[in-house]
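> Please find one structure pasted underneath; my questions will follow.
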Amino acid sequence: MRLSILSVIFSPVKEEVLIQTLTGACLIGFGHLEPAAGRDPAYLEVACLVVTRFQRAVKLGREPALFPTDLPSSDEDLLLREWRRAGVPAEFAGCGAGTPDLDPAPVPAAPGREPNWPERFAIGLAAAATSAVEVAGGARTSLTDPAARRKPWERALSWFVGSYPLLGALAARFTVVADPELARGWDIAIAAVSPAAGEIYVNPLRSMSEPEWRFVLAHEMLHAALRHGDRVGPREPQLWNVAGDYVVNGWLVEMAVGTMPEGLLYDPELAGASAEDVYDRIARDLRRMRKLATLRGTGRGDLLGEPLPWHGPRSGGVDLDDYYRRALLTGYAYHLGAGRGLLPAGLVAEIRVLDQPPLPWDVKLARWFDEHVPAPERRRTYARPSRRQASTPDIPRPGWHTPEEEIRRCTFGVVVDTSGSMNHELMGKALGAIASYATARDVPAARVVFCDAAAYDAGYLPVDEIAGRVRVRGRGGTVLQPAIDLLERAPDFPADGPLLVITDGECDVLRVRRKHAFLVPLGARLPFTPRGEVFHLR
């Protein structure tokens, strides 16, 4: 039986012969029967041993009783050198490729048309794995069922999962939404991304090659994973998006991920600069920079806040912020472990920063309380009826007492924006966090003032009632300065008492003359440069 081609004509033969034929086919696929590989008995036995280990791993057929149950796990080259030096062990002699009915002599092929069997074998394995995944996902009913022709952006996303470990874990989590009506309604020229939903919206009417779609998808995935949308801060969102595009596109060009579509933002002179540095440069020429186009189009950012409305299935129950961080860190480790080449220094720096994520807003708020809101200190006093210990009843002991002036000193003010633009979820989350930290520091009460276009003084409220039975006043316009002035002029409020302002950012410029902080929703910006800390609620 001569195995010089991969196509084998099967006849009614014994199952052992059929399995041996598959073994020979694997030998060809592994490149073990190449003319330059050698023909000595040790090489043939080692080659067949390697194939047998592969067949056992993938459970390919029922193995004939040729090899022992336990196979050596040594490296192929190391084992070959050992067997050539010391001879083939008796239990492996005459197995597989060393049997007399298997002739490894090749049949000459036409010059220039020699088949590359290892390459074809790898393509076949990849196709089989893809088919198995499609059967498991319901894309086809069986391995023999012809699958529907996939779109180029679908093939591009699959390429990351199977061929690019740095972004493979990210690609496995993202959903590509290709809806022409959605793209037209939201003015999406090529693509946009919603990090909050893990969705990339593409314009299916845009004709691009698969390598170009790889570039586009990698661009959007890096935007989401590096949290560019959350890092905008007080910057102008459109210009910040443009700065992020310059940086991400520069990385992808340097890493040769796909092909950059024509017209995207790319400047080799910005290589190595961070998004913050690029923003500072382009902010000097606002008129020109506002005309630059992102993947969504001219004057529109491709970083979306809330997910766009569409009727497809959405996955939930996953903390995407934590998932993006872990996926990119894991992909980075796989990239280094597999020796896939060097990465841009700026990208490596940002990935390493993800390993030390910023503190959550509630932890920062707790630290602010520790720094600015003192806890009442109890003092020993004999003014109260003395307490005596049973062991020494004749010795009076001092009791614990918290002076009234200490209680008044350990308080703070809360200004709550109750304008019509404020939502109840934001107010509830902020007031709940304030109440819990105030309780932890034994603060008995806080001064609460509601304000829309006028100030409504609720007085001192026990901290356990701040997030519970508070009756919100107002719900009109937004002018918060009267509430600030009320607390700063109140004779019964400490002169150094700190203030917490809860607002959605849609307010006028505030002048606060004492220690203060702002609690605003994630993505909101204050219309002025704040002097106090700003906590972004998630």
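The numbers here are math on the coordinates, done by the rules we state, and not lab data. Keep in mind that what you see is a predicted model, and the values were worked out from it rather than measured. As a convention, Cβ positions derive from the backbone with ideal geometry for all residues, glycine included, and neighbour counts pool all protein chains shown.
> Convert each backbone phi in region 178-194 into a coupling constant with the Karplus relation 6.51 cos²θ - 1.76 cosθ + 1.60 (shift: θ = phi - 60°), then list the ³J(HN,Hα) values in order as whole Hz, x for Gly and Pro.
10, 10, x, 5, 5, 5, 6, x, 10, 6, 9, 6, 10, 7, 8, 9, 10
> Can you put 340, 284 in order, fewest other beta carbons within 10 Å first?
284, 340
> Continuing with this model, one more query. Suppose each label sits 7 Å from its Cα in the direction of the beta carbon; what would the residue 355-residue 424 distance come out to in nanometres?
Taking the two extended label points, one gets 4.6 nm.
> Where a Cα-Cα gap under 28 Å defines reach, which lysines qualify for residue 429, not counting those fewer than 8 residues away within the same chain?
364, 515
> Lys and Arg at +1, Asp and Glu at -1: add these up for the other residues within a Cβ distance under 14 Å of residue 302 and post the number.
Once positives and negatives cancel, what remains is -1.
> What is the extension gain from residue 210 to residue 73, computed as 0.36 nm multiplied by their sequence separation minus the C-alpha to C-alpha distance, in nm to one decimal?
45.3 nm
> Then there's this: Give the shape of region 412-538 as rounded, prolate or oblate, defined through the alpha-carbon gyration tensor: a ≥ b ≥ c are the square roots of its eigenvalues, a/c under 1.5 means rounded, and otherwise the shape is prolate if a/b is larger than b/c and oblate if not.
Rounded, because the longest to shortest axis ratio a/c is under 1.5.
> Just grab the label-to-label distance for residue 442 and residue 334, each label 7 Å out from Cα along the Cβ direction, in nm (one decimal).
Reported label-point gap for residue 442 and residue 334 is 5.3 nm.
> Got a sec to turn the phi values of region 337-346 into Karplus ³J(HN,Hα) couplings, 6.51 cos²θ - 1.76 cosθ + 1.60 with θ = phi - 60°, whole Hz, x for Gly and Pro?
x, 8, x, 7, x, 7, 10, x, 4, x
> So, one more: Under the Karplus relation 6.51 cos²θ - 1.76 cosθ + 1.60, θ = phi - 60°, what is the ordered set of whole-Hz ³J(HN,Hα) values for region 160-175, x standing for Gly and Pro?
Per residue, the Karplus-derived 3J(HN,Hα) values read 5, 5, x, 10, 9, x, 4, 10, x, 5, 5, 4, 5, 8, 7, 10 Hz.
> Once both labels are modelled 7 Å past Cα along the beta-carbon direction, what's the residue 132-residue 508 spacing in nm?
Distance between the two pseudo-spin positions: 6.9 nm.
> If amide hydrogens are placed 1.01 Å from N in the peptide plane, which non-local residues have theirs closer than 5 Å to the one on residue 302?
295, 296
> What does the charge count near residue 369 come to, summing +1 for each Lys or Arg and -1 for each Asp or Glu among other residues with Cβ under 11 Å from its Cβ?
0
> May I ask you to list the lysines whose Cα is less than 25 Å away from that of residue 59, ignoring any residue fewer than eight positions away on the same chain?
The qualifying lysines are 14.
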